[in-house]
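Beneath this line is the structure, given in structure tokens, with notes to follow.
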Amino acid sequence: MIAGKPPLQQSQLFSLKGSVLTLSILTLISFTYFSFKSLRPPLPFSPPTPQITLLPSSAAGTSTTTPSQPRIVAEKKEGNVGEEQEDNDDDFFTDIYHSPKLFKLNFEEMEKKFKIYIYPDGDPKTFYQTPRKLTGKYASEGYFFQNIRESRFRTEDPDQAHLFFIPISCHKMRGKGTSYENMTIIVQNYLDGLIAKYPYWNRTLGADHFFVTCHDVGVRATEGVPFLVKNAIRVVCSPSYDVGFIPHKDVALPQVLQPFALPAGGNDVENRTSLGFWAGHRNSKIRVILARVWENDTELDISNNRISRATGHLVYQKRFYRTKFCICPGGSQVNSARITDSIHYGCVPVILSNYYDLPFNDILDWQKFAVILRESDVYQLKQILKSISHEEFVSLHNNLVKVQKHFQWNTPPVKFDAFHMVIYELWLRHHVIKY
């Protein structure tokens, strides 16, 4: 027994050495594997899938979300790669939008499903149904009245509708010389008739109804009908949240002076040698101050009145082409058609208007294509504009060109134009109402 111990100890020693060697080899392999893995470049960052936050879709008249919808969008994206690439627009992957991919997905969803019912009541020869005209600085109202009838969004079946359009035009009333008092009475009587005749208003107390007015007389006329203003969605050109405009309920309608006198500007930075430009009536406090402080400046082209046509053909419009920054102070209301003029002609708008809820500002990042100032900044206006570097100006100008299509009305309407952007805003409000 004693003589056999050394071989046993030797065997155990070899076994122990083998185990240690095996463990060392495994450790080395593991260490090598993880070391190489750590040297690999990280996978590209994958942002949260926008489908998760896609607005819930539902059948008309129900409040049940459809959880399978995001998967349908994802399957389409994977299964129809060619179509997805064909539909892609480089503009959607720039920072002019707050959430470009989400906007694109929700826009597609809206095009497929959104339906609006137009009440048929009212004589088109008086104040209802049809636009007064499609020209002038209140053309936006007229275009909407016409576009909604030309679009895929209109439904003849109110039970399929998500929203209800009240087709009364204060602009037409103004054209017929109706007083503000009588306008209010006409609006009140028309609405009372709809409520008595149809069940739809009372289902939500008007929260799924909307009306459109661009002229300030429309705002004044409808303010005399408090439950309309309080409950319905107001689509207005003068969206001042200092006097009752509610951004999450109401919609800012861009005031567009169409037809434009000259073609769209853009991609012409080298021609823009003037620092800033404004010419107009002094019909507001901010305009009076602007003219008084800067009228005689040698670098800012500021006139305290409209440029006379006697000075030449389209002189006013041509100034936009050669100017970097076009000053847009509020007038009798917070809004001004000069903003969309500036966008059309490729001149970076400088917003000088407090309490102005800018059109589409929950979709578009205005800071990327405009200069937004407080009215009190008017005294430092030139210093502020001169502090913007050439590179920053070029970026603002290039982004401005990308948003031009969103501030253009067409008949029939064209995808992503002003009409579709307003409809998209209404689509968002519809989901707020339902969910």
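Miscellaneous remarks
- Residues in segment 75-83 include at least one that is open to solvent by 50 Å² or more (accessible area, probe 1.4 Å), outside the structural domain of ALA196 (by the TED database), modelled with pLDDT under 75 and in a loop (DSSP other than H, G, I, E, B).
Per-residue answers, yes or no, for (1) within 23 Å of the chain's Cα centre (by Cα); (2) farther than 25 Å from SER336 by Cα:
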position: GLY193; (1), (2): no, yes
position: LEU205; (1), (2): no, yes
position: ASN231; (1), (2): yes, yes
position: SER240; (1), (2): yes, no
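- Residue match in segment 178-199 (condition: in contact with a Pro (Cβ under 8 Å, 6 or more places away or on another chain) and either within 27 Å of LEU364 (Cβ to Cβ) or modelled with pLDDT under 90 (or both)): no
- Residues within segment 149-170 that are assigned to a helix (DSSP H, G or I) and buried (at least 23 other Cβ atoms within 10 Å of the Cβ), tallied: 1
- Qualifying position, being among the β-branched types (Val, Ile, Thr) and in contact with a Ser or Thr (Cβ under 6 Å, 6 or more places away or on another chain), among VAL288, VAL269, VAL334: VAL334
- Condition check for ARG309: open to solvent by 60 Å² or more (accessible area, probe 1.4 Å), over 23 Å from LEU352 (Cα atoms), at pLDDT below 95 and of a type in the set (D, E, K, R): yes
- Residue within segment 377-387 that is farther than 22 Å from ARG338 by Cα, in a loop (DSSP other than H, G, I, E, B) and touching a residue at least 12 places away in the same chain (Cβ under 8 Å) present: no
- Among the residues listed as TYR355, TYR316, the single one being of a type in the set (Ser, Thr, Tyr), in contact with a Lys or Arg (Cβ under 9 Å, 6 or more places away or on another chain) and closer than 28 Å to LYS405 by Cα: TYR316
- Selected residue (criterion: farthest from TYR138 (Cα to Cα)) from residues of segment 331-345 that are of a type in the set (Gly, Ala, Ser) and buried (at least 24 other Cβ atoms within 10 Å of the Cβ): SER342
- Of all residues making up segment 365-388, the number that are within 27 Å of the chain's Cα centre (by Cα) and either among the aromatic types (Phe, Trp, Tyr) or outside the structural domain of VAL403 (by the TED database) (or both): 2
- Qualifying residues in segment 98-129 (those that are over 17 Å from the mean Cα position of the chain (by Cα) and part of a helix (DSSP H, G or I)) - the one surrounded by the fewest Cβ atoms within 10 Å (Cβ to Cβ): LYS112
The values are calculated or read from the model by the stated rules, or taken from the named source; none is laboratory data. Computed from a prediction, not measured in an experiment: that's the story for all the values here. Here the Cβ is made from the backbone with ideal geometry for all residues, glycine too, and neighbour counts use every protein chain on show. To get the accessible areas, we keep the full protein, side chains included, count just its heavy atoms, and leave off ligands, DNA and RNA. Shrake-Rupley method; radii C 1.70, N 1.55, O 1.52, S 1.80 Å.
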